[in-house]
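Trainee: Before we start, here is the structure in question, set down as structure tokens.
Any read-out appearing in this document is the output of simple, stated calculations on the displayed coordinates, not a laboratory observation. Remember, it's a predicted structure, so these values are computed and weren't measured experimentally. All Cβ positions, even for glycine, are placed from backbone atoms using ideal geometry, and neighbour counts span all protein chains on display.
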Amino acid sequence: MKKIIAFGGSSSKTSINKQLATYAANLFENASVEVLDLNDYEMPVFSVDKEKENGIHPLATEFYAKIGSADLIVLSLAEHNGAYSTAFKNILDWTSRINAKTFQEKEMLLLATSPGARGGSSVLDIATKRFPYQGAIVKGSFSLPSFYENFDVVNGIINPEYKNQLLDIIKSI
């Protein structure tokens, strides 16, 4: 059985990206899914001074261990001003101090969504290009535009075209 770690790259308690990541992870057959919440990994803003004074934050070590326990990572990134959310970037910064290959050569399905028509495509593009340098084996990526028009909390993706696109990507992983 494949172990999937899924999370949204947002600290919002009602994160649409966490909803999408959870939905997508549960579409995989013969898999166990653990959903992480970035709020469980809230740390001071990374700085080398804080690292020198206190060492690597224990929550960064815990997050790194979770990534290491996965066979597959399903990550849906929130887009804040065209890039990663501060909450996600801070966790990434802290964790990269343990190992620059933060994602530990794990396979990854990268997702993004937003209320808008571009569906977080800017941050998805950044991550798809950047994460392989940080040890991710990006097996597929998918952007869901106009989240509130194309996703339902009970049924998941309700637009058949987008649902089939995601299912095709999942089958290829």
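Trainee: Taking 0.36 nm per residue of separation and subtracting the Cα-Cα distance, what length does fully extending S12 through E53 add?
Mentor: 11.8 nm
Trainee: List the residues, sorted by chain then number, that are 5 or more residues from F142 or on another chain and whose placed amide H is less than 5 Å from its amide H.
Mentor: When sequence neighbours closer than 5 places are left aside, the close amide H contacts are L110, L111, A112.
Trainee: Where does the chain land at 222 nm, in deg cm²/dmol rounded to the nearest 500, when only DSSP H runs of n ≥ 4 count, each adding -39500 (n - 2.57), divided by all residues?
Mentor: Working: 7 runs with 66 residues, N = 173.
For the chain, the value works out to -11000 deg cm²/dmol.
Trainee: How big is the antiparallel share of DSSP beta bridges in segment 2-172, given as a percent to the nearest 5?
Mentor: Working: 3 of 28 bridges.
Around 10 percent of the beta bridges assigned by DSSP in segment 2-172 are antiparallel ones.
Trainee: Cα extents of segment 42-86 along the three principal axes, largest first, in whole Å?
Mentor: 33, 31, 14
Trainee: OK, next. If the chain between E42 and T61 were fully stretched, how many nm would it gain, using 0.36 nm times the residue separation less the Cα-Cα distance?
Mentor: Once the chain is fully extended between E42 and T61, it gains 5.6 nm.
Trainee: Give me the Kirkwood hydrodynamic radius of the chain, using the inverse of the mean 1/r over all pairs of distinct Cα atoms, in Å to one decimal.
Mentor: One decimal place: 16.1 Å for the Kirkwood radius.
Trainee: Now a separate question. Assigning unit charges at the beta carbon (Lys, Arg +1; Asp, Glu -1) and nothing else, what dipole magnitude in debye, to the nearest 20, does the chain show about its Cα centre?
Mentor: Computed charge dipole of the chain: roughly 280 debye.
Trainee: Taking Cα atoms of segment 5-79, Rg/Rh with Kirkwood Rh, to two decimals?
Mentor: Working: Rg = 14.0 Å, Rh = 13.5 Å.
Rg/Rh for segment 5-79 comes to 1.04.
Trainee: Still on this structure, I have one more. Can you give me the convex hull volume of the Cα atoms of segment 88-173, divided per residue and expressed in Å³?
Mentor: Details: hull volume 9.0 nm³, N = 86.
Dividing the Cα hull volume of segment 88-173 by its residue count gives 105 Å³.
Trainee: Below 13 Å Cα-Cα, how many Lys pairs turn up in the chain? Only count pairs eight or more apart in sequence, or on different chains, if you could.
Mentor: Taking the Cα cut-off of 13 Å, the pair count is 8.
Trainee: Can I ask one more? Set Lys and Arg Cβ to +1 and Asp and Glu Cβ to -1, take the dipole of the chain about its Cα centre, and tell me which of N99, P145, L167 lies farthest positive.
Mentor: Highest projection toward the positive end goes to N99.
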